[in-house]
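The structure appears below as structure tokens.
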Amino acid sequence: IPYNIDWIFPKLRRPSRLWHIASTGVIGLVGFFSKIVIVWLNKTRVHNIEVLENLLENRPKGTPLLTVSNHHSCFDDPGMWGLLKLRNVCNHNVIRWSMAAHDICFTNKYHSLFFMYGKCIPVVRGAGVYQPAIDLCIEKLKLGHWVHVFPEGKVNMTKEDLRFKWGVGRIIYETPILPVIIPIWHIGMETVLPNEPPYYLGWARN
């Protein structure tokens, strides 16, 4: 029986003071850990990250930001954000909202709390475009927040061309103010965290 995720959405929709405190801790720890793994333990080459950094720090208040990327590893998020400045990747007021599979990340109360405080929204894959996760992404964009989506809808281990999920189109179409949309393409994250056992974080990868 899948874990009941209904209680999570009201807490994400109207975060309490306790949520903000816990989220600050989780985002700070995960952000710093990502920085260690991606920047200090591995070798990366990045192009045009200043575009995203500038939008995070200087876009007009109320302007929604939507980033989309390919999905090659379970470490893509938070790994990608380890490339951001510490003041952004560790700031829970700045870092993205992101959908995460309910049957992987939200399987019990403790996992749910961790990912909820990490600003992850439980999405039910196969439940269509009209579901609470998509609704909440639209709501967050309406408030001018940053939302990240993996339009392939799953980890693409074969790296084949997959049809994008329609929920991305609904998110863009139903956000009253057209979001600033930033596409991101990355390679090599599956060498940092493999998709097959043993699931050990790698180091000295390119």
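Given the residues 12, 18, 86, which is the only one that is over 15 Å from the mean Cα position of the chain (by Cα), at negative phi, surrounded by 12 or more Cβ atoms within 10 Å (Cβ to Cβ) and not hydroxyl-bearing (Ser, Thr, Tyr)? I'd like the intermediate steps shown before the answer.
Numbers: 12 fails: over 15 Å from the mean Cα position of the chain (by Cα); 18 fails: surrounded by 12 or more Cβ atoms within 10 Å (Cβ to Cβ).
When all the criteria are applied, what remains is 86.
Of the helices (runs of 4 or more DSSP H) that lie entirely inside segment 41-123, those containing 3 or more residues that are under 19 Å from residue 20 (Cβ atoms) span 86-89, 109-117.
When you scan segment 189-197, do you find a residue that is over 25 Å from residue 54 (Cβ atoms), touching a strand residue (DSSP E or B) at 6+ places or on another chain (Cβ under 9 Å) and outside any loop (DSSP other than H, G, I, E, B), even just one?
No, segment 189-197 has no match at all.
Tell me, please, whether a residue that is within 22 Å of residue 192 (Cα to Cα) and in contact with a Phe, Trp or Tyr (Cβ under 6 Å, 6 or more places away or on another chain) can be found in segment 9-32. Checked segment 9-32: at least one residue is within 22 Å of residue 192 (Cα to Cα) and in contact with a Phe, Trp or Tyr (Cβ under 6 Å, 6 or more places away or on another chain).
Filtered by the rule that a residue be of a type in the set (Val, Ile, Thr), closer than 21 Å to residue 63 by Cα and without any contact (Cβ under 8 Å) to a residue 40 or more places away in the chain, segment 124-168 gives 134, 138.
In segment 124-139, of all residues being out of contact with any strand residue (DSSP E or B) (no Cβ under 6 Å at 6 or more places or on another chain) and part of a helix (DSSP H, G or I), the one that is surrounded by the most Cβ atoms within 10 Å (Cβ to Cβ) corresponds to 134. Scanning segment 159-189 for residues that are within 20 Å of residue 104 (Cα to Cα) and either hydroxyl-bearing (Ser, Thr, Tyr) or out of contact with any helix residue (DSSP H, G or I) (no Cβ under 9 Å at 6 or more places or on another chain) (or both) yields a single hit, 165.
Being modelled with pLDDT of 95 or more and exposed (fewer than 11 other Cβ atoms within 10 Å of the Cβ) holds for only one residue in 70, 54, and it is 54.
Among the listed residues 171, 181, identify the single one that is of a type outside the set (Ser, Thr, Tyr), farther than 18 Å from residue 102 by Cβ and in contact (Cβ under 8 Å) with a residue 40 or more places away in the chain. Talk me through it step by step, then tell me what you get.
Details: 171 fails: farther than 18 Å from residue 102 by Cβ.
None of the other options fit; the residue is 181.
Of everything in segment 141-160 that's of a type in the set (D, E, K, R) and under 22 Å from residue 79 (Cα atoms), which residue is surrounded by the most Cβ atoms within 10 Å (Cβ to Cβ)?
152
The values are calculated or read from the model by the stated rules, or taken from the named source; none is laboratory data. What you see is a predicted model, and the numbers here were worked out from it, not measured in a lab. Cβ sites come from the backbone with ideal geometry, for glycine too, and all protein chains shown count toward neighbours.
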